[in-house]
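The structure under discussion appears below in the form of structure tokens.
The values are calculated or read from the model by the stated rules, or taken from the named source; none is laboratory data. What you are looking at is a predicted structure, and each value in this text was computed from that prediction instead of being measured. Positions of Cβ are generated from backbone atoms using ideal geometry, with glycine treated the same way; all protein chains shown enter the neighbour counts.
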Amino acid sequence: MRRPVSQPMPARRLRLLSCNIQAGSSTQRYRDYVSRSWSHVLPHGKRDNLAAIAELSADFDIVGLQESDAGSLRSGFTNQTRRIAELAGFPFWSHQSNRRVGGITHSANGLLSRERPDEVLDYALPGRVAGRGVLLARFGNGADQLSVAVVHLSLGMLSRASQLDFLAELLADAPHAVLMGDFNCAHDAPEMRKLYRRTRLQPPDAITATFPSWKPMRALDHILCSEDLAAAPPRALAAGRSDHLAIALELSLP
């Protein structure tokens, strides 16, 4: 009797998005940093921006958010991660509170997912000024586990280097890993080298400029994947009227 030939399981496509949403503020030119400085402390004009970010996010499986307000005066005391999840139809969301300035601002990292993570952890990152962190979600177990981390790194190189050292240690043993966020540096900056040496993460094949959103010249936002995750070239997309473009990536899970 002829036995059926086993067929390999088809690879699963996973659509990823990373956005620095600037707490829903609108910045479309350099002078807006001054003329619209009130938007960093007041909630007016952010509702439409969050709706546009949610509309963009709805096409993805996992979304990482940076500079999402966790509920303060500038967001109308709205948890923006939760609001975007609700508008975009994500059943699972998590946020990591990072930096609170009285009741005026409350910055956070956020993660939206179509599937329930098996574990969600958050860690404070080292740095000269406190208030940076990494939000880590794990899906599955053992050799098939996928780790997805969301970060917003410091502006200063020395602080950023210590943060990348921490991330290298955190993700060193992850069998399949994704690190996404606003790195505030290029993918080939000197401080990034230890991350590539100590983890399975690989630099992107293409440079995708994301800042400033109205005339992108610098590649500050990245989605880094471990070498076994086959990825299509990244794309830059408008994230409402944030000063950063979002970055999107589709990969194949083994």
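Could you list, in sequence order, all residues of region 83-111 that are in a strand (DSSP E or B), in contact with a Gly (Cβ under 8 Å, 6 or more places away or on another chain), in contact (Cβ under 8 Å) with a residue 24 or more places away in the chain and closer than 17 Å to Leu17 by Cα?
Selection gives Ser94, His95, Asn109, Gly110, Leu111.
From the list Pro91, Pro126, Pro117, which one is out of contact with any strand residue (DSSP E or B) (no Cβ under 9 Å at 6 or more places or on another chain) and of a type outside the set (Asp, Glu)?
Working: Pro91 fails: out of contact with any strand residue (DSSP E or B) (no Cβ under 9 Å at 6 or more places or on another chain); Pro117 fails: out of contact with any strand residue (DSSP E or B) (no Cβ under 9 Å at 6 or more places or on another chain).
Result: Pro126 is the single residue among Pro91, Pro126, Pro117 that is out of contact with any strand residue (DSSP E or B) (no Cβ under 9 Å at 6 or more places or on another chain) and of a type outside the set (Asp, Glu).
Regarding Val148, is this residue surrounded by fewer than 16 Cβ atoms within 10 Å (Cβ to Cβ) and out of contact with any helix residue (DSSP H, G or I) (no Cβ under 6 Å at 6 or more places or on another chain)? First the steps, then the outcome.
Values: surrounded by fewer than 16 Cβ atoms within 10 Å (Cβ to Cβ): no; out of contact with any helix residue (DSSP H, G or I) (no Cβ under 6 Å at 6 or more places or on another chain): yes.
Judged against the criteria, Val148 is not a match.
Could you list, in sequence order, all residues of region 114-137 that are in a strand (DSSP E or B) and surrounded by fewer than 21 Cβ atoms within 10 Å (Cβ to Cβ)?
Matches in region 114-137: Glu119, Val120, Leu121, Asp122, Tyr123, Ala124.
Considering only residues that are modelled with pLDDT under 95, closer than 19 Å to Arg160 by Cβ and either touching a Pro at 6+ places or on another chain (Cβ under 7 Å) or not in a loop (DSSP other than H, G, I, E, B) (or both), which ones fall in region 203-232?
Result: Pro204, single match.
Could you run through region 152-191 and say how many residues are in a strand (DSSP E or B) and either more than 19 Å from the chain's Cα centre (by Cα) or touching a residue at least 60 places away in the same chain (Cβ under 8 Å) (or both)? Let's see the steps before the verdict.
Of region 152-191, the ones in a strand (DSSP E or B) are 152, 176-182.
Retained after the next criterion (residues that are either more than 19 Å from the chain's Cα centre (by Cα) or touching a residue at least 60 places away in the same chain (Cβ under 8 Å) (or both)): 152, 176, 178, 180-182.
Residues flagged as in a strand (DSSP E or B) and either more than 19 Å from the chain's Cα centre (by Cα) or touching a residue at least 60 places away in the same chain (Cβ under 8 Å) (or both) within region 152-191 amount to 6.
Check region 12-27 and report whether any residue there is assigned to a helix (DSSP H, G or I), at pLDDT 95 or above and either of a type in the set (D, E, K, R) or over 27 Å from Val178 (Cα atoms) (or both). Break it down into steps so the answer makes sense when it comes.
Of region 12-27, the ones assigned to a helix (DSSP H, G or I) are 22-24.
Within this subset, residues satisfying the condition of being at pLDDT 95 or above are none.
Within region 12-27, none of the residues are assigned to a helix (DSSP H, G or I), at pLDDT 95 or above and either of a type in the set (D, E, K, R) or over 27 Å from Val178 (Cα atoms) (or both).
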